[in-house]
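Reading through the structure tokens given below for one structure.
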Amino acid sequence: MSYRDQANIIQLENVDKFFGEFQALKNITLSVKKGERIVVCGPSGSGKSTLIRCINRLEEHNSGKIVVNGHELTSDVKDIDAVRSEVGMVFQSFNLFPHLTIVKNLMLAPRLVRKSSKSEAYDIAMQYLERVKIPEQADKYPSQLSGGQQQRVAIARALCMNPLVMLFDEPTSALDPEMISEVLDVMTDLAEEGMTMIVVTHEMGFARKVADLVVFMDQGEIVESNPPGEFFDNPTNERTKLFLSQILTH
Amino acid sequence: MSFDLALILDSIPKMLWGIGLTLELLFVSGALGLALAIVLLIMRISGRWYLSAPTMAYIYIFRGTPILVQIFIIYHGLPQFEFIKDSIFWPILREPYGCAILALTLNTGAYVSEILRGGVLGVDRGLKEAGAALGLSTTDRFIYITSPIAIRLALPAYSNDVISLMKSTALVSTITLLDMMGIARTIVAETYAPYEIFISLMVIYLIITWGIQRTFGWIEKRMSRHVRSEA
């Protein structure tokens with residue numbers, strides 16, 4: 001556990017984010033150390049997705065400070081592409097490039113951003129396709145794969161950039177129930193290998209098993225954040241209790 | 001009314017002498033118009049008002065006026081300006097052929113850039129975000145993600161515009177060019193047989209249109225192979 005004592009990979013201080021009049025994030029402060037696994041949960045519209053989308057600047061925060069791997073994210077950050085290439089992201093709707101085969105989906109960013117040669121990029125791509133256990137799909141197009149397979153490809157695509165941290169934005173919410181576990185298995189493996197992860201999810205079983213810290217958000221605020229044992233067994237805030245009772249009763 | 005079959009058989013080969021010019025106008029102004037459309041598109045979606053505002057004005061003018069008027073202005077109007085006669089473009093603009101290419105290019109460029117813009121707007125935002133999240137630069141995202149998908153989306157509308165352009169080439173007969181329409185009008189002037197001649201001409205245009213449709217159908221099928229599922 002020694003490397004977890006190192007400096008924060010991600011640091012958010014008093015971050016506010018507005019969409020017009022609507023305040024999506026209120027005074028968010030959160031730090032993530034190397035190797036830490038954080039699960040963010042909360043009702044829909046609570047700002048969970050906005051929070052992680054601010055970390056790779058798909059959304060621009062309005063005030064406060066966000067530092068990713070030593071780079072502060074500001075409106076004149078020149079190397080935002082460089083910061084993004086260190087931060088992998090997996091989306092709810094997979095967002096695989098439909099016009100490219102699976103292996104070419106994986107090769108695109110290493111080729112263009114890392115300037116890898118074609119054979120290097122191919123080797124990296126196949127290595128990660130093996131890791132998510134679908135190398136045999138390499139030459140198919142995304143539309144020919146199931147949702148679970150597509151999401152595993154999306155995870156592999158992000159891993160090809162060898163990111164310092166992985167962001168997951170409700171990675172299983174668009175999947176049929178029987179496909180959820182194949183994606184969670186890949187994510188669990190990744191966590192066990194020491195990947196730094198921030199996961200927005202409603203999969204409380206995954207949170208309990210994998211998370212170092214569970215963060216509960218409501219109405220743009222972090223209401224409660226605790227290790228999973230404490231979070232699930234002794235929630236202190238009324239809103240957390242209500243949320244957990246709604247999500248865990250079935 | 002009776003059809004003079006012999007006249008039809010006699011005049012079709014004559015009109016086909018003009019098919020070379022018709023197709024040349026189609027391909028040259030089609031290619032130049034596409035290049036112009038791409039430049040206009042990039043200016044239009046640049047997000048900079050001093051680039052997008054002139055583009056919008058340009059598109060408004062060329063889509064908002066009859067192409068026949070545009071051809072006349074370029075052919076009859078431009079030579080009235082001395083500075084145009086002195087410019088390096090005069091050898092081109094002096095010839096009706098040059099004027100025809102210019103008018104068709106400027107006109108189709110305006111339409112095609114709007115067609116391409118429709119394609120670009122149709123690209124799923126999530127795909128561009130996925131590219132951004134991987135660290136791709138804005139330019140790389142446009143070239144490798146947005147463009148290929150936008151082209152596929154724009155193709156049906158674009159094929160429509162190519163057919164439109166092909167039909168518009170007939171208007172160059174009004175500025176002395178002897179394309180198929182120009183030859184047909186000459187024959188009609190000599191024979192006073194408009195039905196036979198123009199109906200034959202229609203058939204020739206329909207065959208060209210069929211060729212364009214088949215070509216684009218084939219391209220669409222090729223570009224959609226990723227949409228077809230094997231499962």
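The values are calculated or read from the model by the stated rules, or taken from the named source; none is laboratory data. Nothing here was measured: the structure is a model prediction, and the numbers come from that model. Glycine also receives a Cβ, built like all others from the backbone with ideal geometry; neighbour counts cover every protein chain displayed. Ligands, DNA and RNA are stripped out before the accessible areas are found, and what is left, the full protein with its side chains, is counted by its heavy atoms. Shrake-Rupley method; radii C 1.70, N 1.55, O 1.52, S 1.80 Å.
Okay, here's what the table says:
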{"read-out": "Residue match in segment A:2-12 (condition: on the phi < 0 side of the Ramachandran plot, in a strand (DSSP E or B) and touching a Gly at 6+ places or on another chain (Cβ under 8 Å))", "value": "yes"}
{"read-out": "Extreme residue, farthest from the other protein chains (Cβ to nearest Cβ), among residues of segment A:119-171 that are among the aromatic types (Phe, Trp, Tyr) and part of a helix (DSSP H, G or I)", "value": "A:122"}
{"read-out": "Candidates B:61, B:84, B:92, filtered to the one that is of a type in the set (A, V, I, L, M), within 20 Å of residue B:164 (Cβ to Cβ) and loosely packed, with under 15 Cβ neighbours inside 10 Å", "value": "B:61"}
{"read-out": "Enumeration of residues in segment A:144-162 that are open to solvent by less than 20 Å² (accessible area, probe 1.4 Å) and within 20 Å of residue A:119 (Cα to Cα)", "value": "A:153, A:156, A:157, A:158, A:159, A:160, A:161"}
{"read-out": "Qualifying residues in segment A:200-232 (those that are aliphatic (A, V, I, L, M) and more than 22 Å from residue A:26 (Cβ to Cβ)) - the one surrounded by the fewest Cβ atoms within 10 Å (Cβ to Cβ)", "value": "A:204"}
{"read-out": "From A:197, A:217, A:187, residue being within 18 Å of the chain's Cα centre (by Cα), modelled with pLDDT of 90 or more and outside any strand (DSSP E or B)", "value": "A:187"}
{"read-out": "Residues (open to solvent by less than 10 Å² (accessible area, probe 1.4 Å) and under 17 Å from residue A:10 (Cα atoms)) located in segment A:164-190", "value": "A:165, A:166, A:167, A:168"}
{"read-out": "Answer residue from segment B:127-151, given it is within 7 Å of chain A (Cβ to nearest Cβ) and open to solvent by 10 Å² or more (accessible area, probe 1.4 Å) and is nearest to residue A:158 (Cα to Cα) among those", "value": "B:134"}
{"read-out": "Contacts under 8 angstrom Cβ, first residue in segment B:1-28 being closer than 26 Å to residue B:107 by Cα and assigned to a loop (DSSP other than H, G, I, E, B), partner charged (D, E, K, R) and at pLDDT 85 or above, 6 or more apart", "value": "B:18/B:179"}
{"read-out": "Odd one out for residue B:219, checked against (1) farther than 30 Å from residue B:129 by Cα; (2) of a type in the set (A, V, I, L, M, F, W, C); (3) touching a residue at least 60 places away in the same chain (Cβ under 8 Å)", "value": "(1)"}
{"read-out": "Tally of residues being of a type outside the set (Val, Ile, Thr), part of a strand (DSSP E or B) and open to solvent by 20 Å² or more (accessible area, probe 1.4 Å) across segment A:29-49", "value": "3"}
{"read-out": "Of residues in segment A:102-143 being of a type in the set (Asp, Glu), over 21 Å from residue B:136 (Cβ atoms) and without any contact (Cβ under 8 Å) to a residue 12 or more places away in the chain, the one surrounded by the most Cβ atoms within 10 Å (Cβ to Cβ)", "value": "A:130"}
{"read-out": "Filter result (over 23 Å from residue A:184 (Cβ atoms), among the acidic types (Asp, Glu) and modelled with pLDDT of 90 or more) within segment A:1-39", "value": "A:13, A:16, A:21"}
{"read-out": "Residue list for segment B:160-193, filter: crowded, with 17+ Cβ neighbours inside 10 Å, in contact (Cβ under 8 Å) with a residue 60 or more places away in the chain and of a type in the set (Ser, Thr, Tyr)", "value": "B:168, B:169"}
{"read-out": "Qualifying helices (runs of 4 or more DSSP H) (wholly inside segment B:88-168; at least 2 residues being aromatic (Phe, Trp, Tyr))", "value": "B:96-122"}
{"read-out": "Lone qualifier among A:78, A:65, A:17, A:26 - being within 14 Å of chain B (Cβ to nearest Cβ), farther than 23 Å from residue A:194 by Cβ and open to solvent by 10 Å² or more (accessible area, probe 1.4 Å)", "value": "A:78"}
